[in-house]
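This report concerns only the one structure given below.
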Amino acid sequence: MLHHLPVSAYTSREWFEREQRHIFSNTWRYAGFMEDVSEPGQYISVQAGLSNIFIVMGRDRRLRAFHNICRHRGTQLIRAVGKVQKALTCPYHDWTYDLEGNLISVPDEEREFGRLDKSCLGLKPASVDIWKSMLFVHPDPDAGSIMDWFGEVDSLIGPHEPETLPEYEEARNTYEIAANWKIVVENYIDVYHLSHLHSSTLHMYDHAKAEYGFVGPHFTFWEPPVPDYAEDQDSKLPAPRVIPADQNGTWVPMLFPGIGLAASEDGWNVFIVEPVAPDLTRVTNRSRVANASAWAFSKQAARSAHFWSKFGLGGKYEADDATSEDDPMASGDFTSEDIYACEQQQKSLSSPHYEVGPAAVGESPVLTHQDVVLKWLDRQQ
Ligand code: FES
Ligand SMILES: [Fe+2]
């Protein structure tokens with residue numbers, strides 16, 4: 001057992017498929033930022049558990065979501081992201097749908113089919129909603145409002161107004177971690193590791209004063225800056241302040257399943273966890289900051305050695321020769337430290353000698369998250 005879950009929950013194809021079917025096909029899936037689909041004809045597609053879904057903006061500027069399945073023989077209508085003028089045409093036999101999902105033309109209809117009742121062959125709808133500047137889809141067309149799902153945590157994840165902040169596109173990043181998605185989530189919500197794995201990278205915040213817990217399936221977390229960092233803080237922030245001057249700290253919730261946010265005084269970031277295989281997870285990071293020009297200016301400052309030494313930022317272990325430059329523990333980057341920890345943990349799972357020790361108080365969210373996963377799988381059996 002790995003606390004409340006068996007090791008196979010982190011390694012087996014069977015668990016992976018159960019989670020895809022019962023968790024990721026039955027919850028709201030992050031699809032992008034609202035800017036990604038902001039003009040008529042613009043679309044984006046995303047895998048939501050077992051379903052591929054796309055969002056398209058209609059000529060009426062309304063967002064609609066559809067299952068990305070041609071009603072003829074099921075070919076995916078669209079790939080990734082793009083823009084069309086008026087209609088979506090399937091690449092296989094050119095059946096064409098309007099932006100509202102209606103089938104509007106079938107090549108050689110008369111000769112090949114006689115008469116078709118095209119009104120029964122529209123695209124199957126899914127649900128789409130916007131929350132905190134993010135687009136979400138749900139495979140169920142009757143999923144209701146996203147506030148039914150996130151409403152209770154809405155006030156606990158920081159005073160930020162991400163819809164007013166431009167994206168900092170340079171910070172866009174997607175990478176894969178050779179570990180199960182739950183290991184990545186557990187690492188994100190493990191409060192115990194903050195002072196240890198990240199002793200040199202996240203020491204600006206006071207982990208001993210962290211306030212955290214669960215609201216339904218969602219994890220919430222806030223911690224204040226340490227006194228040194230709090231003093232005259234605005235002069236130390238790497239980017240301009242985005243929340244009211246009397247509010248400080250960092251909010252790092254992990255919304256279920258795998259929707260991490262990281263919001264502090266100077267920025268608002270998403271950390272989206274997407275299971276790819278039992279032992280492989282894709283993470284997508286995107287960021288919003290105050291405004292591009294001010295940020296560009298302070299980024300220059302950030303590049304100077306003086307800036308970094310001011311905060312004592314640097315790797316946990318100083319690289320002492322050229323070969324240790326690749327050492328994630330000497331990177332000075334807390335994400336590299338986390339990836340390292342997750343991948344090492346996943347590797348150990350295959351050892352017959354693997355056994356987990358007691359859980360610290362600061363690891364209680366890890367256990368609760370395991371219970372949430374179990375509950376979702378049980379109730380959907
Ligand atoms: S599968 Fe789409 S037109 Fe045939
Ligand atoms: Fe971490």
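The values are calculated or read from the model by the stated rules, or taken from the named source; none is laboratory data. Remember, predicted model here, so these are calculated numbers, not experimental data. FYI the Cβ positions are ideal-geometry reconstructions off the backbone, even for glycines, and counts take in every protein chain you see. We work out accessible area using only protein heavy atoms, side chains counted, and drop any ligands, DNA or RNA first. Shrake-Rupley method; radii C 1.70, N 1.55, O 1.52, S 1.80 Å.
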*Counting only protein heavy atoms, what percent of the accessible surface of the chain is carbon or sulfur at a 1.4 Å probe?*
50
*Enumerate the calculated ³J(HN,Hα) couplings along the stretch 66-73 in order (Karplus 6.51 cos²θ - 1.76 cosθ + 1.60, θ = phi - 60°), each rounded to whole Hz, writing x wherever the residue is Gly or Pro.*
9, 5, 7, 9, 5, 6, 7, 10
*Under 5 Å, built H, 5+ apart or other chain: amide partners of Ser331*: Lys316
*Rg and Dmax of the chain, Cα atoms, in Å?*
23.1, 78
*Under the rule that a partner needs its Cβ under 4.7 Å from the first Cβ, which Cys of the chain have none?*
Cys120, Cys342
*Work out which chymotrypsin sites (Phe, Trp or Tyr not before Pro) in the chain are exposed loop sites (DSSP not H, G, I, E or B, at most 15 other Cβ within 10 Å) and give the longest gap free of them.*
93-316
*Amide H neighbours of Phe221 under 5 Å, at least 5 residues apart or on other chains, H built in the peptide plane: list them.*
Val252
_Axial C-alpha extent at least 20 Å, average Kyte-Doolittle at least -0.5 - helices from the chain (DSSP)_ = 364-379
*Could you go through the stretch 156-164 in sequence order and give the Karplus-derived ³J(HN,Hα) for each residue, using 6.51 cos²θ - 1.76 cosθ + 1.60 with θ = phi - 60°, rounded to whole Hz, and x for Gly and Pro?*
10, 10, x, x, 5, 10, x, 5, 9
_At R0 = 56 Å, how high is the FRET efficiency between Asp326 and Leu116 if r is their beta carbon distance? Nearest 0.05 is fine._
0.40
*Using the Karplus curve 6.51 cos²θ - 1.76 cosθ + 1.60 with θ = phi - 60°, work out ³J(HN,Hα) for each residue of the stretch 219-230 in order, rounded to whole Hz, and write x for Gly and Pro.*
8, 10, 7, 9, 9, x, x, 5, x, 4, 6, 6
*Please give the length that would be gained between Glu152 and Glu17 if that part of the chain were fully extended, namely 0.36 nm times their separation in residues minus their C-alpha to C-alpha distance (nm, one decimal).*
45.7 nm
*Give, in nm to one decimal, the length gained when the segment between Asp140 and Ser195 is fully stretched (0.36 nm per residue of separation minus the Cα-Cα distance).*
15.6 nm
*Can you give the translational diffusion coefficient of the stretch 49-158 in µm²/s, computed by Stokes-Einstein from the Kirkwood radius over Cα pairs at 10 °C and 1.306 mPa s?*
103
_the chain - accessible surface per residue (Å², probe 1.4 Å)_ = 48
_Just to confirm my numbers, what's the Cα centroid distance between the stretch 103-135 and the stretch 1-43 in Å?_
26
*Given the Cα-Cα distance of Asp378 and Tyr212 and 0.36 nm per residue of separation, how much length would full extension add, in nm?*
57.2 nm
